[in-house]
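Here is the structure we will look at.
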Amino acid sequence: MSNKQTMSFQTEVKQLLQLMIHSLYSNKEIFLRELVSNASDAIDKLRFEQIKDPKLNHGQELFIELSFDKDKKTITLSDNGIGMTYDEVIENIGTIAKSGTKKFIEQLSGDEKKDANLIGQFGVGFYSAFIVAKEVELITLKAGLKNDEAVCWISDGSGEFSIETVNKEISGTTIILHLKDDNDDLLSDWQLRSLIRKYSDHINYPIKMLKTPELDKDGKEVEAAPELETVNKANALWVRNKNDITDEEYKEFYKHIAHDFHDPLVWTHSRVEGTQEYTQLLYIPSQAPFDLYDNKRRYGIKLYIKRVFIMDDAEKLLPNYLRFVRGIIDSQNLPLNVSREILQSSKDIDAIRSGATKKILSLLEDMAKNEPENYTKFYKEFGNVLKEGIIEDFANKDRIAKLLRFATTTSNSTEPTVSLEEYVARASSEQDKIYYITAESYNAAKNSPHLEIFKQKNIEVLLLTDRIDEWVSSHLSDFDKKQLVSVASANLDLGKADEKTEEEQKAKAEAAKPVLEKIKTALGDKIKDVNVTTRLVNSPSCLVVDNHGMSIHMERLLKQAGQAVPESKPTLEVNLDHVLLKKIDGTVDADQTRDLALIIYDQAALAEGLQLDDPTAFVTRMNSLIS
Ligand code: ADP
């Protein structure tokens, strides 16, 4: 009785498949790398399961076999790894798209070159088979199941697949590609061998092909029993001596473990000896993966113990703010039966994690110093994630702070390029603080009235415009013994750089009491207080908050995120030299005073990027002022 069923791919899977086939065609050979990579992962998993359950040992050497048939136009790749159950086939390569696929597809532009880049970032995987195949047949038996519980999955990649249970002798997966017409170039012993050497040399397990028949002196094939031979190097790359590994090999290994289409930016490979003995090969990608901020993301560090693969995604091996790092850590001391639970509370793991973290920070420091262009690339992709380290990693806060880059009022670039060290080195000896402003955008920050006095006094200010910056600045209270201060804090103290004006200021404030009272009465409970400003030069007014209060920008971010924010009122600061203030001072009409006070309040709110309660009223008041 046939138990064959036909099912449909999820819409997103269909779309992704079509896009992939079109945009990756010029790179069609990568299908082999992707399938070999999956086969190797499957053997890794079986080897690990065998440690716990020796019954899963099928008695065969663990290897991958590649063959082709010129007449049938097929390429066949087999592994004797873990295999998949019926449900796993459906889940892994059938209907269900990875989380975030839909969002990802929406980003694609239809421009093939650009999309090929993006698709690589998504991880092409199994579906790359359809770049070269008009039909893909997959037969798989999960280790531990009975021979008649194997599964055969067939699809032409257009929208549906069939699935049925079949017989298979040994656990593992066989994939048969029925090639599209114009792929005869792949049906060649020489071509397949060179693709394996190019892309999959570093795979830990033997990749075998039939021995090429020898030719006799007349050029005829010598009859011999078919025999398999290993085509790749087949030993763990990271165990080899650094000097014997080429950059190409490092890069291909990266693509295998990271499921990334692009070359990595940099890597570090080292053996650590001491109480914990381990080898680490860690990479920094050149592009952020599409799911960097997705909490269901996969692929971090792979943990090996004495060269046996233990687990993917060992999130305990690096802190969260280094989640962009890919690579492997191979421990000599950990017990093979380690589980995720054990990892959670293992002192050995803590030591490895701390060592790996330091290694990555050194790698970044080195890049910042010696390869500034690469560092800029890195920072563009991952700077905002690195910043989380200021909050997350107290022990390394100073090192991370040095790695941060900012746009500033002096740098004249919207890109973050200035380090805190540079800032401090440039500041005058009088300046004992580091000033920053947080705002919604570069322009809002750069043109904020809060910066007027800083421009006048030639004091550099960091322009912080990423969402995370509010949190970072509240955790980074000082750098190099200099306090970080928001230019919008109420008791702005420009320190020695501003001693004289402070005296003048007091006298001014005394004289200004009547006009301040007028404004305060007019604005009522909109504000906490009105003060004479020290920071404005051209604008009439601005809003400030208490030094330890929540910034106006932070309040807005929290409200946008739907969080309840405690009610707090800003203080209005006014510039007595401004014509509007002179007007208020001069008028005796209560209505006119009120209108003018509201105008200067609303202007200050607008400069903070706030929404006005009543924009129409603001416009009416402005118009009547002009006329
Ligand atoms: P990725 O490898 O990026 O996870 P793929 O589309 O290549 O994505 O594969 C999806 C999943 O299918 C894999 O994570 C794995 O669980 C399963 N899979 C693919 N190939 C094999 C194989 N040869 N043996 C066992 N499982 C496999």
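Structure notes:
- Flag for D529 being out of contact with any helix residue (DSSP H, G or I) (no Cβ under 6 Å at 6 or more places or on another chain), more than 25 Å from A617 (Cα to Cα) and of a type in the set (D, E): no
- Taking (1) closer than 21 Å to N575 by Cα; (2) touching a Ser or Thr at 6+ places or on another chain (Cβ under 7 Å) in turn, E470 satisfies each apart from (1).
- Annotation note: of I301, I342, the sole residue that is open to solvent by less than 50 Å² (accessible area, probe 1.4 Å) and of a type in the set (A, V, I, L, M) is I301.
- Residues located in segment 596-627, provided they are among the charged types (D, E, K, R) and open to solvent by 70 Å² or more (accessible area, probe 1.4 Å): D613, D614
- From the list K559, K569, the lone residue that is in contact (Cβ under 8 Å) with a residue 40 or more places away in the chain, under 44 Å from the mean Cα position of the chain (by Cα) and open to solvent by 80 Å² or more (accessible area, probe 1.4 Å) is K569.
- Cβ pairs under 7 Å, 6+ apart, first in segment 516-534 and without any contact (Cβ under 8 Å) to a residue 24 or more places away in the chain, second outside any helix (DSSP H, G or I) and buried (at least 20 other Cβ atoms within 10 Å of the Cβ): K520/V530
- Counting the residues of segment 225-268 that are hydroxyl-bearing (S, T, Y) and open to solvent by 20 Å² or more (accessible area, probe 1.4 Å) gives 2.
- Once segment 136-161 is narrowed to residues that are surrounded by fewer than 16 Cβ atoms within 10 Å (Cβ to Cβ) and in a helix (DSSP H, G or I), the residue that is nearest to the ligand (Cβ to nearest atom) is N147.
- Those residues of segment 57-95 which are more than 14 Å from the ligand (Cβ to nearest atom), open to solvent by 10 Å² or more (accessible area, probe 1.4 Å), part of a strand (DSSP E or B) and in contact with a strand residue (DSSP E or B) (Cβ under 7 Å, 6 or more places away or on another chain), in sequence order: S67, F68, T74
- Qualifying residue in segment 17-34 (condition: in contact (Cβ under 8 Å) with a residue 12 or more places away in the chain, within 10 Å of the ligand (Cβ to nearest atom) and of a type in the set (A, V, I, L, M, F, W, C)): no
- Test: residue in segment 168-175 that is of a type outside the set (A, V, I, L, M, F, W, C), in contact with an Asp or Glu (Cβ under 9 Å, 6 or more places away or on another chain) and part of a loop (DSSP other than H, G, I, E, B): yes
- Meets criteria (modelled with pLDDT of 95 or more, out of contact with any Lys or Arg (no Cβ under 9 Å at 6 or more places or on another chain), more than 13 Å from the ligand (Cβ to nearest atom) and not in a helix (DSSP H, G or I)) for E164: no
- Residues that are open to solvent by 30 Å² or more (accessible area, probe 1.4 Å), modelled with pLDDT under 90 and not polar (S, T, N, Q) occur in segment 429-451; there is at least one.
- Counted as qualifying within segment 282-365 are the strands (runs of 3 or more DSSP E) with 2 or more residues that are under 26 Å from D247 (Cβ atoms), namely 301-305, 326-331.
- For segment 320-339, residues that are within 22 Å of the chain's Cα centre (by Cα) and open to solvent by less than 10 Å² (accessible area, probe 1.4 Å) total 7.
- Check on I43, assigned by TED's automatic domain parsing to the domain that holds L138, crowded, with 20+ Cβ neighbours inside 10 Å and within 11 Å of the ligand (Cβ to nearest atom): yes
- Residue within segment 400-407 that is touching a strand residue (DSSP E or B) at 6+ places or on another chain (Cβ under 7 Å), assigned to a helix (DSSP H, G or I) and not assigned by TED's automatic domain parsing to the domain that holds S551 present: yes
The values are calculated or read from the model by the stated rules, or taken from the named source; none is laboratory data. Fair warning: this is a prediction, and the values are worked out from it, not measured in the lab. Using ideal geometry, Cβ is built from the backbone for each residue, glycine included, and neighbour counts are taken over all protein chains shown. When the accessible area is computed, the model is the full protein with side chains, heavy atoms only, and any ligands, DNA or RNA have been set aside. Shrake-Rupley method; radii C 1.70, N 1.55, O 1.52, S 1.80 Å.
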